[in-house]
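Visitor: Before I ask anything, here is the structure I am working with.
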Amino acid sequence: MKDPRRSRFRDAQEDRREADRTPDTPQTRAPAYRLAFADEDFLCRDELRPVRLQLELLKPEMMMTEAGVESTIVLFGGARIPKPSEKHTARTETLAELSRFYDEAQRFARLMTEESIKSGGRENVVVTGGGPGVMEAGNRGAQEAGGKSIGLNIVLPHEQAPNEYVTPELCFNFHYFAIRKMHFLMRAKAICVFPGGFGTMDELFESLTLIQTGRMDRVPFLLFGREFWERIVNWAALADAGTIAAQDLDLFRFVETAEEALDIIHNWAPAPPRDEIPGRQKTDPAKHADER
């Protein structure tokens, strides 16, 4: 069998196996003797944080590339939103009413994945946080369509496992929230935000800020459930106060159904990043140079 490696040097895996076969002596049992890349205690030291950050960026990126994932459709939403069949278990009446968005997320993901399959499963692959609620609905809809979907889980203090509908080879686990957020957006062709709590709002505003400030291309940014979002955030008051520009309210759209969302995505004209932030005074580089 032809060696796919281009290097003439000995393979790292081979050396790792060889190291495991060394005689058991005080020297070989010492932590200093362990191969650095195979030493978990060493890799978890505070000084190795930059290496761990890089590894968390590299591993999912490489595996998604190998799986042929070229673009994604991001689904953010609450972990507490129940299935409609279980809405009687919701701890509030509002949460029970929001269960309809489980069905909407599931249908949207199914319809989007049916289209993704036509591209060979390379484009518009659904990605969620891999947990319960809206996330489960998104991965479930993709599985029902016969396609793949991505789950970006993160280690939390309480017990958590990925939902059962995430494609196993695209089910990732993170330590760093920041790197996880990068993977949500690096391939994003659209961002769909369903009702949720702190985590959902964190993802919503961080993504929206990247688009607002021109750090990211404009993509369809869809908020499912106008009534919910207008109760939670007084968008108009932000513009009236001048803390955002009126034009910033055009960066997102409210939708109620999967079909509305698909229509906007299908008719979206490619938009480059903003080259300025409306309502913010421009700085004059020449002026600052003179001041220095």
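Visitor: Non-local amide H neighbours of F254 (under 5 Å, H modeled in plane, Pro and chain starts lacking H): which ones?
Guide: HN-HN under 5 Å from F254: L223.
Visitor: Right, something else. Within 10 Å of each residue's Cβ, count the other Cβ atoms and sort Y33, Y176, Y102, Y165 from fewest upward.
Guide: Lowest count first: Y33, Y176, Y165, Y102.
Visitor: With contacts defined as alpha carbon pairs under 8 Å and 6 or more residues apart, what's the relative contact order of the chain in percent?
Guide: Answer for the chain is 16 percent.
Visitor: Ordered by packing density, taken as the mean number of other Cβ atoms within 10 Å over each peptide's residues, highest first, how do 50-62, 69-81, 177-189 rank?
Guide: 69-81, 177-189, 50-62
Visitor: Could you list log10 I(q)/I(0) for segment 64-111 at q = 0.30 Å⁻¹, which the Debye formula gives when each Cα is one point scatterer?
Guide: Evaluating at q = 0.30 Å⁻¹ gives log10 I(q)/I(0) of -1.09.
Visitor: Can you give me the distance in nm between label points at L156 and T28, each placed 7 Å from the Cα along the Cα-to-Cβ direction?
Guide: Result for the modelled spin labels: 4.4 nm.
Visitor: With an 8 Å cut-off on Cα pairs and a minimum separation of 6 or more residues, tell me the relative contact order of segment 103-259 in percent.
Guide: Taking the mean separation of contacting Cα pairs over the length of segment 103-259, I get 18 percent.
Visitor: Give a residue-ordered list of calculated ³J(HN,Hα) values for segment 126-132 (Karplus: 6.51 cos²θ - 1.76 cosθ + 1.60, θ = phi - 60°; whole Hz; x for Gly, Pro).
Guide: 5, 10, 10, x, x, x, x
Visitor: List, in order, the whole-Hz ³J(HN,Hα) value for each residue of segment 179-192 obtained from phi through the Karplus relation with A = 6.51, B = -1.76, C = 1.60 and θ = phi - 60°; use x for Gly and Pro.
Guide: Once θ is set to phi - 60°, the couplings for segment 179-192 become 6, 4, 5, 4, 5, 4, 9, 4, 10, 5, 9, 7, 10, 10 Hz.
Visitor: Something else about it: How long are the semi-axes of the equivalent ellipsoid of segment 69-266, taking √(5λ) for every eigenvalue λ of the Cα gyration tensor, in whole Å from largest down?
Guide: 24, 20, 17
Visitor: Do the sum for the chain: with -39,500 (n - 2.57) for every DSSP H run of n ≥ 4, divided by all residues, what is the mean residue ellipticity at 222 nm, to the nearest 500 deg cm²/dmol?
Guide: One gets -12500 deg cm²/dmol as the mean residue ellipticity at 222 nm.
Visitor: Would you mind checking which residues have amide H under 5 Å from I154's amide H? H placed 1.01 Å from N; only 5 or more apart, or other chain.
Guide: Amide H to amide H, under 5 Å and 5 or more residues apart or across chains, I154 pairs with F174.
Visitor: Go ahead and set up a Gaussian network model of the chain, Cα springs under 10 Å, then flag whichever of Q13, Q106, Q143 fluctuates most.
Guide: Sorting by GNM fluctuation, first place goes to Q13.
Visitor: Net charge around R253, counting only other residues with Cβ within less than 10 Å of its Cβ (Lys, Arg = +1; Asp, Glu = -1)?
Guide: -1
Since every read-out is calculated from the coordinates, none of them should be taken as a lab result. Bear in mind the structure is a predicted one, so any value in this text is a computation, not a measurement. As a convention, Cβ positions derive from the backbone with ideal geometry for all residues, glycine included, and neighbour counts pool all protein chains shown.
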